[in-house]
1. State, to one decimal in nm, how far the label point of residue 258 lies from the label point of residue 181, with both points 7 Å from Cα in the Cβ direction.
2. Would you mind calculating the gained length between residue 137 and residue 107 on full extension (0.36 nm times residue separation, minus the Cα-Cα distance), in nm to one decimal?
3. I'd like the FRET efficiency for residue 64 and residue 30, computed as 1/(1 + (r/R0)^6) with the beta carbon distance as r and R0 of 22 Å, rounded to 0.05.
4. Expressed in nm to one decimal, what extension gain is obtained for the pair residue 150 and residue 251 from 0.36 nm per residue of sequence separation less their Cα-Cα distance?
5. Which of the lysines could a cross-linker span from residue 48 if the Cα-Cα distance has to be under 20 Å and same-chain partners fewer than 8 positions apart are dropped?
6. Can you list the lysines whose alpha carbon is less than 18 Å from that of residue 165, not counting same-chain residues fewer than 8 positions off?
7. If amide H atoms are built 1.01 Å from N in the plane of the peptide, which residues on other chains or at least 5 residues away come under 5 Å of the amide H of residue 213?
8. Residue-wise, which Karplus ³J(HN,Hα) couplings in Hz belong to region 213-230, taking 6.51 cos²θ - 1.76 cosθ + 1.60, θ = phi - 60°, and x for glycine or proline?
Amino acid sequence: MFEGLNEIANLHIVQVGTTVVTVGGLLAAALLTTAFMVGSWLIGSALKRLRGRTREAASALYVVEKLLTYSLVLFGLIAGLSTLGLDLSSIAVFAGALGIGLGLGLQGVVKEFVSGLVLIFDRAIQIGDYVEMPDGIRGVVQEIGPRATRIRNNDNVYLLVPNSKLIENAVVNWTLRGETRRIHVPFFVAFGADKDKVREAVLEAARDVPFTLPDEGSRRTQVWLVGFGENALNFELIVWPTLEAVKRPKAMNAAYTWAIDDALRKACIEIPYPQREVRLRGLFGEEGEDALAALRLERREHAQPAVAAPSVNDAAEDLLQPPLEEEPEPAARRAAQD
């Protein structure tokens, strides 16, 4: 039986140059390559579980995971070719020609693979970051793969974004450094509303929202009057929410908008409807006193409005604050980089 197995193992399949590929060599190469790939998968799975338990060193573990898994697969392929008895130097010309063909046919795949390596080692985008693409795609980075980056949005939908898009396009990383970001929430009130009353009502409502951070230094909750609309005064609530709230922008804006509406209704501040105001300056070819006489109307004397006291202008005070300094990197990320 052993002689029969030996004959089968030594059976010639193909000859490459001076090297003869046998059945036994092919099986040994396949087993060795498979062993390396299985080892790569096991190590990758173990590091993924460890990364889920240790959030502080998650980014460093992810880099180690990718290095080990890619290296093991590469070594497995090289070991398999060596087990076949192939002299890698003797097939350099063939490999070069094959590489040119693959480069022409699979240049897109190679481009995405290299882009993925750049993302891993550049570390401008890391696992757990909340990113926003120019086309509106937003979500948490789950994995940077060899072809695409997997992003999960807040609706639990997974999006596959080609790695090259994250390098070639302007990507907003909302959680790259620091703990929070400043958010602008627009709202409108009717002309003639008391600005101070609007400010006090909205500030109180915003500070009652549980994920609003307390005022600290230049990070303060404010209300800005940003413009005069066709039907209303345009305001913005300027607020610093927690990092978890920043990762859920739609729910965060909805929560602040709800609180603002409740505050304005409670303070009896009018939220305007779309409207048009038409004033006739000429009537029947007459103006002024002649128009009033033609309509048999009397001129009414309007009382002069009282001079209002100066109100608090948050936007002006914000300009007097020193510029925000770049926040130091978290200790875990500095340790991972070292």
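1. It works out to 2.3 nm between the two label points.
2. Answer, rounded to one decimal: 8.2 nm.
3. Numbers: r = 28 Å, r/R0 = 1.27.
Given R0 = 22 Å and the Cβ-Cβ separation, E is 0.20.
4. In short, 34.1 nm is gained.
5. Within the straight-line limit of under 20 Å, residue 48 reaches these lysines: 66.
6. Candidates past the 8-residue exclusion: 111.
7. Residues meeting the criterion, in which the H sits 1.01 Å from N, are 240, 242.
8. Taking θ as phi minus 60°, the curve returns 6, x, 4, 7, x, 7, 8, 9, 6, 9, 10, 10, 8, 9, x, 10, x, 5 Hz for region 213-230.
Each value in this text was obtained by applying a stated rule to the coordinates, not by laboratory testing. Source: prediction; values computed, not measured. Reconstructed Cβ throughout: ideal geometry from the backbone, glycine too, with neighbour counts over all protein chains shown.
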